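In what follows, a single structure is set out as structure tokens and then discussed.
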Amino acid sequence: MRFLFITIVLFSLSSCFRLDSFMYNSDSTITEYKLDDFDDEQDFILDDSYDIPEDKIQLFTLSVGVENHEIYCLYIGNQNTINTDTVIFYNHGNKDHMDFYWQRAKLLAHTGGKMRYGVMMIDYKGYGLSGGQSSESGLVEDTKEALSWLYNQGLRSDRLIIYGFSLGTCPAITIAGDATSVLVPARLITEAPFASTDVMAADGGLLDMPGSYYTSDRFENAEYIKDVEQPFLWIHGTADDFLSIKTHGEVVYKNYDGVYSQAERVIGAGHSTVPQTIGFVEYNKLLESFITKKI
């Protein structure tokens, strides 16, 4: 009888739990983007040597989908030279909004030296000041719209690097494996990728239920990575207690079967501490080495 009671309680709790709220931990209550003036919780704060000149920071909006939801975009670099520059497109994670990831975008803008590469980042629908509601298909749709903007500025696929962190690995991997995308990235970088919603449900101890029981979205990085042929850099902290390197990252990496793969297992790093653990200078060297590697 006691076992039956516990089972009923666990089932009731699990039936109320939705992975949607777990996946989309957004903050849409802000009224403006503050960037360097953002003083809430952040993973790290870079020193003044990483500052970006104001005239090299463009904040703008794009209209997405049939409902014309407005999403906010940020570009670091000279917008007039996108047609000759190489651009790192950064798909951020599930937390907050672009202010929270601003330090990471600035760090990427110092790969190979200050502003050698352009860097673009967006707030998905439902994040920050972007309208609409977050979804798996929406993440991809928003990213594709931003890539179309880059294409219209003159960027071509051989000069596009796509980088996904955590939740952002979903659109990054999906688009890297989609030959119909207006821009198919030349190289793919993922940091702390997740394998699937099924693995998330299993890791969370949510009984023996498939991920589809907890969300209508389909997050299948471990499957979609099989479609990626471009050079692939996988980065994951060995102490990640949010997305386990064993059940998530290693599975994604193992399923890749493209032309070249590189694994960076960062000893002692947690889910959001990879750059700090490696060291900012070494982190930039790692990215630059992969981006410029002849394959």
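The values are calculated or read from the model by the stated rules, or taken from the named source; none is laboratory data. Computed from a predicted structure; not experimentally measured. Virtual Cβ from ideal backbone geometry, glycine too; neighbours counted across all protein chains shown.
General remarks:
- So Tyr101, is it within 17 Å of the chain's Cα centre (by Cα) and more than 16 Å from Asp27 (Cα to Cα): no
- Breaking point among (1) within 26 Å of Phe194 (Cβ to Cβ); (2) over 19 Å from the mean Cα position of the chain (by Cα), for Gln58: (1)
- Residues in the stretch 90-120 that are assigned to a loop (DSSP other than H, G, I, E, B) and not β-branched (Val, Ile, Thr): His92, Gly93, Asn94, His97, Ala109, His110, Gly112, Gly113, Lys114, Met115, Arg116, Tyr117.
- Subset tally (residues that are in contact (Cβ under 8 Å) with a residue 24 or more places away in the chain, over 18 Å from the mean Cα position of the chain (by Cα) and within 22 Å of Leu243 (Cβ to Cβ)) for the stretch 267-285: 3
- Filtering the stretch 101-139 to residues that are surrounded by fewer than 20 Cβ atoms within 10 Å (Cβ to Cβ) and closer than 24 Å to Thr174 by Cα leaves Gly131, Gln133, Ser135, Ser137.
- Enumeration of residues in the stretch 30-88 that are at positive phi and part of a loop (DSSP other than H, G, I, E, B): Gly65, Asn68, Gly77
- For Ile235: the one exception among (1) assigned to a helix (DSSP H, G or I); (2) within 22 Å of Ala109 (Cα to Cα); (3) not basic (Lys, Arg): (1)
- Subset of the stretch 65-100 [surrounded by fewer than 19 Cβ atoms within 10 Å (Cβ to Cβ), of a type in the set (Val, Ile, Thr) and under 21 Å from Glu141 (Cβ atoms)]: Val66
Residue by residue, here is whether (1) under 18 Å from Ile162 (Cβ atoms); (2) small (Gly, Ala, Ser); (3) modelled with pLDDT of 95 or more; (4) crowded, with 18+ Cβ neighbours inside 10 Å holds:
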| position | (1), (2), (3), (4) |
| --- | --- |
| Ser212 | no, yes, no, no |
| Ile225 | yes, no, yes, yes |
| Ile235 | yes, no, yes, yes |
| Ala239 | no, yes, yes, no |
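- In the stretch 242-295, residue surrounded by the fewest Cβ atoms within 10 Å (Cβ to Cβ) [restricted to those that are polar (S, T, N, Q) and assigned to a helix (DSSP H, G or I)]: Thr292
- Matching residues in the stretch 27-42 - criterion: being surrounded by fewer than 10 Cβ atoms within 10 Å (Cβ to Cβ) and under 21 Å from Phe60 (Cβ atoms): Thr31, Asp37
- A count restricted to the stretch 151-177 and to residues that are of a type in the set (D, E, K, R) and crowded, with 19+ Cβ neighbours inside 10 Å stands at 1.
- Subset of the stretch 11-29 that is among the aromatic types (Phe, Trp, Tyr) and assigned to a loop (DSSP other than H, G, I, E, B) - its residue that is modelled with the lowest pLDDT: Phe17
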